[in-house]
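Enquirer: To start, I am sharing the structure in question, which I have written as structure tokens.
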Amino acid sequence: MADRMVTKVLILLALVAVGTTSTHLASAQSAAAVARVAANPRTVPRTPDGRPDLQGIWQVGSRAAYGLEDHAASYRMPAGSSVVEGDVIPYQPWAAAKRAENFQQRATADPLSQCYLPGVPRIMYMEFPFQIFQTRDHLAMTFEWQQVFRLIYTNGSGPSTPLAFWMGDSRGRWEGDTLTVDVTNHNDRTWFDMAGNFHSDALHVVERYTMLDADTIRYEAAIEDPKVFTRPWKISMPLLRQKGMTRVLEYQCRAEMEEANGDFKPDPRTWYQKGSGGATPAAPRQVRATAPGNGAGSLRRMPDGKPDLSGFFQADAGGANWGFEPHDEPFTPGGRGVLVDPPGGGLPYQPWARAEKLDRNRPERGYDDPTAHCFAGGVPRSLYVPSPFHILQTPTYVVLLLERMSWRIVPLDGRRRLPDTIRLWHGDSLGHWEGDTLVIETTNLNGKTWLNEVGDVVSHAETVTERFTPIDADALRYEATVNDPIVYTRPWTIAMPVKRQEGGLLEVACLEDNQDLQHLKDVRDGSQK
Amino acid sequence: MTRGVWLAMMLWCAMAAHAAAHHSFSAEFDINKPITLTGTVTMVRWSNPHGWIYVDVKDANGKVVNWAFEMAAANQLYRRGWKPEDIPVGTLVTIDGWLARNGSPMANTDKISLPDGRKLLGPAASAAPVSP
């Protein structure tokens, strides 16, 4: 009986896999792989606790991003075969008309044309790679596109809220070898694809991730939305391992758009320009005795004995986002001062950079702070903005998921650095352990960030050494040494405690209603009249 | 109320004003132009990077102007116990804030007083950890 069931399931899988075959080569190959490997699932890699190991860098093998249904080619939209079971999305009549209107106006009406977060399931089949990290309690997906991430709780924890999110609220559970993810709390602003397929805030998505072999995940999403569709419907497609790809890089959609249209202008004094700079200087290597925690015995530890830094944290930042030196000005959150080197001093500025920092405090310069545009905070700013972050740790990676919707991936495997020409908002971070301290050295920064709201300066020559030292089970000491010979006369160091928090990440989709940028632009332009 | 307590409250409110900000407070709002307005809520936007509350306010000539008040980010409001339904459309509110520099009827607020006496205070000290 059981055997017959298995056979039926396998035949079904093979049939559906054939059904998803797309016209282009990758899909055709993957579909063939799907059919072949479904009969031999013993090649699936596994975690120590026996679950299928989904970790790695993946990208969809289908043209679903352009249109979920069968579609002929049109401008900037290659043809593709349907990934919808039954080939047709069961719209209610009014919604079918709305979808047709969306298609006509897609160039401007598609939420991605403004670089908004794509939502689930759309993010899963965009033609950009993403990386999966898996622990017993969580599964994280970090996407190249706009540095979106998903944190999927698989341990029954996580905050329950009535809030709507662009990326929804994902809770996973293992059903045999399939990871089932229930996605709720959607807003009504995302689309399913570039063809204008859409939903309401009543959307409910149930995803199923099944590994067919070491290099193929079968991805299914059951979609339910009684306000828009006449019945539930389902899509399925393969996710393919991106062999030979060692990193997920950044595609900061909004920043690229604003640089292209002139809304965010280059500063040649600080931005990296190809050919203008030398090789990235090595990060300062400061091997020193690990500051002993209050009780090394009370630390959480990984099976390999390294400290376990996983969890939901926020820096007790001492007002660092409004200045590193002690400050007590009206209308600025007070600051105790976080600069530990030079001790008792100020930042060791070069004269030109000090003048620039002071200039940035004029109201007319408020527009120039990249975070006012909702761009990534950079390093180390992302750690001390007044927003929490989640740390996910595996034996080979530490991943920082930042509530303001971006991520930092820190490999611990001693790999080589990126070439000098690849510059990133969050740089190229490599980590290693020095005793119980996690040391992260970051290079390849782009010089586009400000260090805080009072305009402290960094350039593309910036390198950062961060040290995360656990103090007890619920607190770390965070230290960052910044070296930037273009801006400063010597390296300097800030330090602050980082404390475990109750609750969990609540998505901050900064672009969704950023009226402030226009107001800041008014102030800037008003001053030029 | 003693002067010291009042001063402390004022300071706290001032600090609250932009602790959540993703942009420079003083670049967008004028710290030398505090205002207090009373009017009827027309819309609340529970959004990021800031929530917004819109209020119809009668000026000295009886003309109604729709004012926009910037609040903290949606998740910060939520973590502090606010819910979107706390301020339904039509509620009469008194709002303290600081005027925008761009000359539009807009301000940053951290203190909204409701008719039943409740005060929805802004994200004071949101720069500090949510819990120990």
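The values are calculated or read from the model by the stated rules, or taken from the named source; none is laboratory data. These numbers come from a predicted model, not from an experiment. We place every Cβ from the backbone using ideal geometry, glycine too, and count neighbours over all the protein chains shown. With ligands, DNA and RNA removed, areas are computed over all heavy atoms of the protein, side chains included. Shrake-Rupley method; radii C 1.70, N 1.55, O 1.52, S 1.80 Å.
Enquirer: Between A:Thr246 and A:Ser160, what FRET efficiency comes out of the Förster formula 1/(1 + (r/R0)^6) with R0 = 25 Å and r the beta carbon distance, rounded to 0.05?
Expert: Efficiency at R0 = 25 Å is approximately 0.10.
Enquirer: Out of all Cα-Cα pairs in segment A:301-443, roughly what percent, to the nearest whole number, are more than 19 Å apart? Numbers along the way, then the final one.
Expert: Values: 6442 of 10153 pairs.
Pairs farther apart than 19 Å: 63 percent.
Enquirer: Also, I was wondering about something else. So what is the accessible area of segment A:52-166 per residue, in Å², with the probe set to 1.4 Å?
Expert: On the way: 4220 Å² over 115 residues.
Value returned for segment A:52-166: 37 Å² of accessible area per residue.
Enquirer: Per residue of segment A:173-186, in order, report the coupling 6.51 cos²θ - 1.76 cosθ + 1.60 (Karplus, θ = phi - 60°) as ³J(HN,Hα) in whole Hz, putting x for Gly and Pro.
Expert: 8, 8, 10, x, 9, 9, 8, 9, 10, 8, 10, 10, 6, 7
Enquirer: Give the carbon-plus-sulfur fraction of the accessible surface of segment A:423-509 in %, rounded to a whole number; probe 1.4 Å, heavy atoms of protein chains only. Show your work: numbers first, answer last.
Expert: Details: 920 of 1810 Å².
Ligands and nucleic acids excluded, carbon and sulfur reach 51 percent.
Enquirer: Whose amide H sits under 5 Å from the amide H of B:Lys111, counting only residues 5 or more places off or on another chain, with H placed in the peptide plane?
Expert: Distant-sequence amide H within range of B:Lys111: B:Asp96, B:Gly122.
Enquirer: Give me the residues in segment A:444-458 whose solvent-accessible area, probe 1.4 Å, is reduced by at least 20 Å² once all protein chains are included instead of the chain isolated.
Expert: At a threshold of 20 Å² (probe 1.4 Å), the residues of segment A:444-458 that become less exposed are A:Glu453.
Enquirer: Can you work out the Karplus-derived ³J(HN,Hα) for every residue in segment A:119-124? Use 6.51 cos²θ - 1.76 cosθ + 1.60 with θ = phi - 60°, whole Hz, and x for glycine or proline.
Expert: x, 10, x, 3, 4, 6
Enquirer: Summed for both chains, how many Å² of accessible area, to the nearest 100, are buried between A and B with a 1.4 Å probe? Please report the intermediate quantities before stating the final value.
Expert: Numbers: alone 22480 and 7680 Å², together 26850 Å².
Chains A and B together bury approximately 3300 Å².
Enquirer: Sticking with this structure for a sec: If ligands, DNA and RNA are left out, what is the accessible area of A:Glu329 with a 1.4 Å probe, given in Å² to the nearest 10?
Expert: Accessible area, nearest 10 Å²: 100 Å².
Enquirer: Something else now. Ignoring ligands, DNA and RNA, what percent of the 1.4 Å accessible area of segment B:18-90 is carbon and sulfur? Don't skip to the end; give the middle numbers.
Expert: Details: 1560 of 3020 Å².
Solvent-exposed carbon and sulfur of segment B:18-90 make up 52 percent of the total.
Enquirer: Taking the Cα centre of segment A:303-438 as the origin, how large is its charge dipole in debye, to the nearest 20, when only Lys and Arg (+1) and Asp and Glu (-1) carry charge on their Cβ atoms? Mind dumping the intermediate values first?
Expert: Numbers: 14 positive and 18 negative charges, 73 e Å.
Result for segment A:303-438 is approximately 360 debye, rounded to the nearest 20.
Enquirer: Continuing with the same structure: If ligands, DNA and RNA are left out, what is the accessible area of B:Lys119 with a 1.4 Å probe, given in Å² to the nearest 10?
Expert: Counting only protein heavy atoms, B:Lys119 exposes about 110 Å² to solvent.
Enquirer: Per residue, how much accessible area does segment A:372-472 have with a 1.4 Å probe, in Å²?
Expert: Computed with neighbouring chains in place, this is 20 Å² per residue.
Enquirer: What number comes out for the charge environment of A:Trp425, summing +1 per Lys or Arg and -1 per Asp or Glu over other residues with Cβ under 9 Å away?
Expert: On the way: positive: A:Arg423, A:Lys448; negative: A:Glu250.
Summing Lys and Arg as +1 and Asp and Glu as -1 gives +1.
Enquirer: Give the residue list of chymotrypsin sites (Phe, Trp or Tyr not before Pro) in segment A:145-184 that are DSSP loop and have at most 11 other beta-carbon atoms within 10 angstrom.
Expert: Details: sites: A:Trp145, A:Phe149, A:Tyr153, A:Phe165, A:Trp166, A:Trp174; in loops: A:Trp166.
Nothing satisfies the criteria.
Enquirer: Given 0.36 nm per residue, what is the gain on full extension from A:Arg417 to A:Asp201 after removing their alpha carbon distance, in nm? If you can, show how the numbers build up before the last one.
Expert: Numbers: separation 216, 0.36 × 216 = 77.76 nm, distance 4.31 nm.
In short, 73.5 nm is gained.
Enquirer: Apply the a/c threshold of 1.5 to the C-alpha gyration tensor of segment A:187-247 and tell me whether it is rounded, prolate or oblate. Mind showing how you got there, number by number?
Expert: Numbers: a/c = 3.17, a/b = 1.98, b/c = 1.60.
Prolate, since a/c reaches 1.5 and a/b exceeds b/c.
Enquirer: Something else about it: What residues does segment A:326-354 have that are buried by at least 20 Å² of accessible area in the full protein assembly compared to the chain on its own, 1.4 angstrom probe?
Expert: Going by heavy-atom accessible area, the residues of segment A:326-354 that drop by at least 20 Å² are A:Phe331, A:Pro333.
Enquirer: Over chain A, how many pairs of lysines fall under 29 Å by alpha carbon, counting only those 8 or more apart in sequence or from different chains?
Expert: So the count works out to 21.
Enquirer: How much accessible area does A:Asp413 have with a 1.4 Å probe, in Å² rounded to the nearest 10?
Expert: Using a 1.4 Å probe on the heavy atoms, I get roughly 80 Å².
Enquirer: Sticking with this one: Could I have the simple spin-label model distance between A:Asp137 and A:Gln350, label points 7 Å from Cα toward Cβ, reported in nm to one decimal?
Expert: Computed distance between label sites A:Asp137 and A:Gln350 equals 4.5 nm.
Enquirer: Right, something else. What does the charge add up to near A:Arg173, with Lys and Arg as +1, Asp and Glu as -1, over the other residues with Cβ less than 13 Å from its Cβ? Don't skip to the answer; put the middle values down first.
Expert: Numbers: positive: A:Arg51, A:Arg136, A:Arg171, A:Arg208; negative: A:Asp137, A:Glu175, A:Asp177, A:Asp182, A:Glu207.
Once positives and negatives cancel, what remains is -1.
Enquirer: Still on this model: Tell me, what is the FRET efficiency for B:Val89 and B:Lys33 to the nearest 0.05, using R0 = 25 angstrom and their Cβ-Cβ distance as r? Can you show the working numbers first?
Expert: On the way: r = 27 Å, r/R0 = 1.10.
Efficiency at R0 = 25 Å is approximately 0.35.
Enquirer: Now for a separate question. Residue-wise, which Karplus ³J(HN,Hα) couplings in Hz belong to segment A:378-386, taking 6.51 cos²θ - 1.76 cosθ + 1.60, θ = phi - 60°, and x for glycine or proline?
Expert: x, 10, x, 3, 4, 7, 10, 5, x
Enquirer: Another question, then. Once the convex hull of the C-alpha atoms of segment A:142-219 is built, how many Å³ does it hold per residue, rounded to a whole number?
Expert: On the way: hull volume 9.9 nm³, N = 78.
Hull volume over Cα atoms, normalised by residue count, gives 127 Å³.
Enquirer: To the nearest 500 deg cm²/dmol, what mean residue ellipticity at 222 nm is calculated for chain A from DSSP H runs of n ≥ 4 alone, each contributing -39,500 (n - 2.57), summed and divided by the residues?
Expert: Working: 8 runs with 81 residues, N = 529.
My calculation for chain A gives -4500 deg cm²/dmol from helical runs alone.
Enquirer: Right, here's the next one. Could you please tell me the mean projected area of the C-alpha convex hull for chain A, averaged over all directions and given in square nanometres to one decimal? The partial results should precede the final answer.
Expert: Numbers: hull surface 108.2 nm².
In nm², the orientation-averaged hull projection of chain A is 27.1.
Enquirer: Which FRET efficiency, nearest 0.05, do A:Met302 and A:Glu259 yield, Cβ-Cβ r, R0 51 Å?
Expert: On the way: r = 40 Å, r/R0 = 0.79.
The pair A:Met302/A:Glu259 has a calculated efficiency of 0.80.
Enquirer: Relative to the isolated chain, which residues of segment A:148-180 have their accessible area cut by 50 Å² or more in the presence of all protein chains (1.4 Å probe, heavy atoms, no ligands or nucleic acids)?
Expert: A:Leu163
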